[in-house]
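Reviewing the structure listed below.
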Amino acid sequence: MMYLKSQLNEWVRKVEETLNNFFITGYGRSGTTFLAKMMNKSKQWTVNHEARGYADTSINNIVNIKQAFKTPFYGEVNNYLRNYIHDIEVDKIGVITRDTQDIFLSMANRKEIGELKWRINGVHEMYTKILPNIPANTYIIEFEKMTNDKEYLKQIFFDFGITDIDMEEINLEKKVNSSTGKWYNTWDELPEEHKELYFSKEW
């Protein structure tokens, strides 16, 4: 009995040593804020969401981020670091994906057309250049399932090593970081100028 208990403790120790940090990225309006808030319900893990300033990709900041990932049970959900997915050494990497038209619709509810004209470039780069070249072992997280399916969300927690979240505390009916400003409920409601901007890119 003592031998089995010792073996179990050793197995738990190895699991904890292996699953002690992760990095999840995606483009804005893909659920990064939502997932970070859900993961932060863990008492064991520290999960930061863009903790070091708005879109700071300076060399010093990248060095600081790499240092942070050496902290046990540390995770970061950061869409501004999507270009560094090959440079950050962590135990687990994830990418949140969402239909690009839904991303654009969500952005259109927050930003004027002028800002959308440069933001669409970032969405396009994410889905045509970054995603096709992510590391082979990257964990793909689907936005729609993550925000609507408790079992799927629970599996994400487990796959990234987070096992102490009480799923009874999770309320998927209560959305976070919702769209603001003029509301377009569907793609069809978007002005033609917006649709033309989206389709000016090859998806």
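Some observations on this one:
- Residue pairs meeting the criteria (Cβ under 8 Å; at least 6 apart or on separate chains; first within 11 Å of ASP87 (Cβ to Cβ), in the stretch 57-70; second part of a helix (DSSP H, G or I) and among the polar types (S, T, N, Q)): THR57/ASN83
Residue-by-condition table, conditions (1) among the hydroxyl-bearing types (Ser, Thr, Tyr); (2) under 13 Å from LEU197 (Cα atoms); (3) open to solvent by less than 40 Å² (accessible area, probe 1.4 Å):
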{"site": "SER106", "(1), (2), (3)": "yes, no, yes"}
{"site": "ARG110", "(1), (2), (3)": "no, no, no"}
{"site": "TRP118", "(1), (2), (3)": "no, yes, no"}
{"site": "ASN121", "(1), (2), (3)": "no, yes, no"}
{"site": "ILE134", "(1), (2), (3)": "no, no, yes"}
{"site": "THR138", "(1), (2), (3)": "yes, no, yes"}
{"site": "MET146", "(1), (2), (3)": "no, no, yes"}
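- Of all residues in the stretch 192-203, those that are modelled with pLDDT of 95 or more have Cβ atoms under 9 Å from Cβ atoms of residues that are surrounded by 10 or more Cβ atoms within 10 Å (Cβ to Cβ) and not in a helix (DSSP H, G or I), 6 or more apart or on another chain, in HIS194/TYR184; TYR198/LEU190.
- Some residue of the stretch 176-193 being in a loop (DSSP other than H, G, I, E, B), among the basic types (Lys, Arg) and surrounded by fewer than 18 Cβ atoms within 10 Å (Cβ to Cβ): yes
- Among the conditions (1) over 14 Å from the mean Cα position of the chain (by Cα); (2) surrounded by 19 or more Cβ atoms within 10 Å (Cβ to Cβ); (3) under 30 Å from GLU169 (Cα atoms); (4) not β-branched (Val, Ile, Thr), the only one that GLY75 does not satisfy is (1).
- Test: residue in the stretch 37-44 that is at pLDDT below 95, within 11 Å of the chain's Cα centre (by Cα) and surrounded by 11 or more Cβ atoms within 10 Å (Cβ to Cβ): yes
- Check on LEU172, assigned to a helix (DSSP H, G or I) and either open to solvent by 90 Å² or more (accessible area, probe 1.4 Å) or hydrophobic (A, V, I, L, M, F, W, C) (or both): no
- Residues being under 28 Å from ASP159 (Cβ atoms) and either of a type outside the set (S, T, N, Q) or without any contact (Cβ under 8 Å) to a residue 24 or more places away in the chain (or both) - total across the stretch 88-127: 18
- Number of the exception - LEU153 against (1) in a helix (DSSP H, G or I); (2) under 21 Å from ARG82 (Cα atoms): (2)
Table: residues versus (1) among the aliphatic types (A, V, I, L, M); (2) surrounded by fewer than 16 Cβ atoms within 10 Å (Cβ to Cβ); (3) within 24 Å of LEU197 (Cβ to Cβ); (4) at pLDDT 95 or above.
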| site | (1), (2), (3), (4) |
| --- | --- |
| ASN61 | no, yes, no, no |
| LYS66 | no, yes, no, no |
| THR100 | no, no, yes, yes |
| ILE103 | yes, no, yes, yes |
| GLU125 | no, yes, yes, yes |
| ILE141 | yes, no, no, yes |
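The values are calculated or read from the model by the stated rules, or taken from the named source; none is laboratory data. In this text the structure is predicted, and so the values were computed from the model without any measurement. Glycine also receives a Cβ, built like all others from the backbone with ideal geometry; neighbour counts cover every protein chain displayed. With ligands, DNA and RNA removed, areas are computed over all heavy atoms of the protein, side chains included. Shrake-Rupley method; radii C 1.70, N 1.55, O 1.52, S 1.80 Å.
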